[in-house]
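Every number in this text was worked out from the coordinates using simple rules, so none of it is lab data. Keep in mind it's a predicted model, so treat the numbers as computed, not measured. With ideal geometry, Cβ positions are generated from the backbone for all residues, glycine too; neighbour counts draw on all protein chains shown.
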Amino acid sequence: MKKILLLGGSAQQIVAIETAKRLGYYSVLCDYLTDNPGQYHADSFHLVSTVDKEAVLQVAREEQVDGVLAYASDPAAPTAAYVAEQLGLPGNPYRSVEILCNKDLFRAFLAENGFCTPKAKGYTETSAALEDLRKNEFRFPVIVKPVDSSGSKGVGRIDSIEEAAEKLEYAMSFSRGKRMIVEEFVEKYGYQIAGDGLSVDGKLVFRCFANDHFNAKCVNPFVPISASFPYNMPAEVQDTIHQEIQRLLTALDMKTCTYNFDMRIDRDYHVYLMEVAPRDGGNYIPDVIRYATGIDLVECSVKAAMGEPIAVPADTKQQGFWSYYAVHSLKAGTLKSVEISDAAKPKIVENHLIRKPGDAIQPFTGANTTLGCLLMKFDCMDEMLQMMDHSEAWISVELESDS
């Protein structure tokens, strides 16, 4: 039996373990958390951090694995590429994955290769970033991000020098490597673009774009609360986006891989590739895409890691209107209940709430503070966009202190 090494055993990553087992592979799991739920689904478990490349490489050698996969994990993606490269397993160039997973390297690469990208600079000291802002090296507003975090953790918008120091320190606190990036704000036209895709032998053979939705009342208003499918722009705009992604994958010599997208366009349809992560999206995005297209990107990820052939019909079309919704709280407290209107309940096709009444919860600042996700189906585009843009009309999170 062939073995696959999976990096990360969170609740959302269990689907990759189960998919690998369904395809007939022996599953080996690495995770640094002793209470990760994935260990109870994998055939073998090692208490090892997924960002410790040498430790994971040692596990891969000991287990004699045939492939390695960092499913839905930005921090672990470079580790997977490193191990694959060291052992001659299927994968993408380690240096290319490093570029995609580190925002400062990614911005520099985009600028050097003629892509539309905001003015940006990486920093290892908050004092240096603050000094550049004082010297007007950037136009306000600017966005500050840890270069190596995921789930929009640590992201902030700075509108004036007076609020810069606090937000720079906050961003740096989320960086494992103590590096952050400051970049000028890109005004978007329409919705920010989310979604996932797949390349086979370097060719982008499948992509499924979505509308990103945000809640301006959140402590961190830059964390998406929903992605709704399909993207509401015309086909020619989506083809332009596709071409820019393909140009990036070619420049990086990417091979067979799944991707999670975060992009913007301006009024002239210039494409800004904000993030192209070499892994599947979180928040059950692959599940939503499977409902919308019939394409199982989780299975594609596992097969790519194992060097198995992948076939995607060229005429794949999206059918229906689908989304995930990240249930979230604006405040900290003890969860009393999640109230959903009778009109909205029939729209829910899967309920993945992971918090229960009596649990202590935090305000929504990143993907790690969600109460869980709902997968939903709608009757039309207008209904979908209305409900995702105005979720307060149909769902509320009640705290014990609220009463």
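Extension gain for residue 381-residue 173 works out to 71.0 nm (0.36 nm per residue, less the C-alpha to C-alpha distance). Once the chain from residue 311 to residue 131 is taken as fully extended at 0.36 nm per residue, the excess over their C-alpha distance is 59.6 nm. Compared with the direct C-alpha span, the chain from residue 216 to residue 342 gains 42.8 nm at full extension, assuming 0.36 nm per residue.
Legend: residue pairs 203/317; 21/103; 167/336, Cα-Cα distance threshold 23 Å; pairs beyond threshold, 21/103; 167/336. Per the Debye formula with a single identical scatterer at each Cα and no solvent contribution, what log10 I(q)/I(0) holds for the chain at q = 0.07, 0.08 Å⁻¹? Here log10 of I(q) over I(0) equals -0.31, -0.41. Each label was represented as a point 7 Å from its Cα along the Cα-to-Cβ direction; for residue 332 and residue 157 these points are 2.5 nm apart. Residues within the reach of a label modelled at residue 119 (point 7 angstrom out along Cα to beta-carbon, backbone nitrogen below 20 Å), restricted to the stretch 144-164, are 144-145, 156-164.
When each of 103, 317, 167 is scored by the number of other beta-carbon atoms lying within 10 Å, the sequence from fewest to most is 317, 167, 103. By the helix-only formula, in which each DSSP H run with n ≥ 4 contributes -39500 (n - 2.57) and the sum is divided by residues, the chain has a 222 nm mean residue ellipticity of -8000 deg cm²/dmol.
Shown is the FRET efficiency for residue 58 and residue 235, computed with R0 = 35 Å from the Cβ-Cβ distance and rounded to the nearest 0.05: 0.15. Note on residue 86/residue 250: beta-carbon distance plugged into 1/(1 + (r/R0)^6) with R0 of 25 Å gives a FRET efficiency of 0.50. Semi-axes of the equivalent ellipsoid for the stretch 119-184, computed as √(5λ) from the eigenvalues of its C-alpha gyration tensor and ordered from largest down, come to 17, 11, 10 Å.
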